[in-house]
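Trainee: Submitted below is the structure of interest, expressed as structure tokens.
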Amino acid sequence: MGRFLIIAAIVIFFLGIRIIRPTHKGLVETLGKYSRFASAGFHWIIPIIQRMYLVNITEQMVDAEPQEIITNDNLNARVDAQVYFKVKSDEESVKSSQYHVNDYQYQIVNLARTTLRNIIGTLTLKSANSERGKINSELHTTLKEETTTWGIEIVRTELKEIDPPKDVQDTMNKVVKAENEKISAVDYATAKETVADGDKRASIKQAEGVRQARILQAQGEAEAIQLVNEAAEKYFVGNAQILRKLQTVENSLKTNTKIVVPSNAELVNVVGELAGVLPLKKN
């Protein structure tokens, strides 16, 4: 009998062992009545008489599940959202999550869905898409206020999608495509205009360069003619006609042309002097 009692005690001892991880808190009930709070670590309860309920205190996420919501402009938008929350780790909050609300996850999902219908129902589809931050903020505020007695903390809410009906989505895609094509056409025209302006400026610069070069060339030729004239006036005064005649003779001799020059002509004297030969004088 004693041996049986010892074995029974050992079995009861092992049956009553409970290990709580740091991610959970425990609520111990004795015969259905709350008796104590259990933190992470080793615990022992009386089998059958006592029962321990574990509560997860880490951050959790629930999906509000997609739903069709009629917007203020009478369009059926498909809306989905996520809610991030956690049970507060103090004893009163853990007790509230179990004794003040039945299945808080299910309640959060339904409360989020109802809140989204109320918020988006007052907005047009366009404003709902452009004011996602505002919708998230209102959803977070409402959930936080409604769950104050549940012992949980609403960490944040995320609006996943607001999808319009397929025909509206197709129309919106066409509008966006047309806008993008318009922007591309404007950019292309602007680029071509810029290239044309560049070519025009380059042509003007080139024409100005050619004009300036011709002006400088003409100025150089004018200055050269002026210098020749000044030299002729200074060194060849009175002999200009003779020099012209000599040039004519020189050109004629190059082509073996015979010319007759009067013996008494001044040109003969000049040619002779240039050749080092003096003309014969008549007696």
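The values are calculated or read from the model by the stated rules, or taken from the named source; none is laboratory data. Remember, predicted model here, so these are calculated numbers, not experimental data. Positions of Cβ are generated from backbone atoms using ideal geometry, with glycine treated the same way; all protein chains shown enter the neighbour counts.
Trainee: How many residues are free of Cβ contacts under 8 Å to residues at least 60 places away in the same chain and touching a helix residue (DSSP H, G or I) at 6+ places or on another chain (Cβ under 6 Å) if we restrict to the range 13-57?
Mentor: 3
Trainee: Next question. In the range 82-117, how many residues are part of a helix (DSSP H, G or I) and either of a type in the set (Asp, Glu) or in contact (Cβ under 8 Å) with a residue 24 or more places away in the chain (or both)?
Mentor: Number satisfying all stated conditions: 20.
Trainee: Given the condition within 22 Å of Gln107 (Cβ to Cβ), modelled with pLDDT of 95 or more and under 58 Å from the mean Cα position of the chain (by Cα), answer yes or no: does some residue in the range 27-38 qualify?
Mentor: Yes, the range 27-38 has at least one match.
Trainee: Being at pLDDT below 75 and either crowded, with 16+ Cβ neighbours inside 10 Å or not hydrophobic (A, V, I, L, M, F, W, C) (or both) is the filter here, so list the residues in the range 138-181 that pass it.
Mentor: Correct list: Pro165, Lys166, Asp167, Gln169, Asp170, Thr171, Asn173, Lys174, Lys177, Glu179, Asn180, Glu181.
Trainee: Also: Within the range 6-42, track down each residue that is aliphatic (A, V, I, L, M), under 12 Å from Leu54 (Cβ atoms) and not in a strand (DSSP E or B).
Mentor: The answer is Ala40, and nothing else.
Trainee: OK, next. Only one of these conditions is not met by Glu145: (1) in contact (Cβ under 8 Å) with a residue 12 or more places away in the chain; (2) closer than 26 Å to Val87 by Cα; (3) charged (D, E, K, R). Which number is it?
Mentor: Failing condition for Glu145: (1).
Trainee: Here's a follow-up. With respect to Lys95, is the statement that it is in contact with an Asp or Glu (Cβ under 6 Å, 6 or more places away or on another chain) and closer than 20 Å to Glu153 by Cβ true?
Mentor: Against the criterion (in contact with an Asp or Glu (Cβ under 6 Å, 6 or more places away or on another chain) and closer than 20 Å to Glu153 by Cβ), Lys95 does not qualify.
Trainee: Looking only at the range 1-34, how many residues end up being loosely packed, with under 13 Cβ neighbours inside 10 Å and polar (S, T, N, Q)?
Mentor: Result for the range 1-34: 1.
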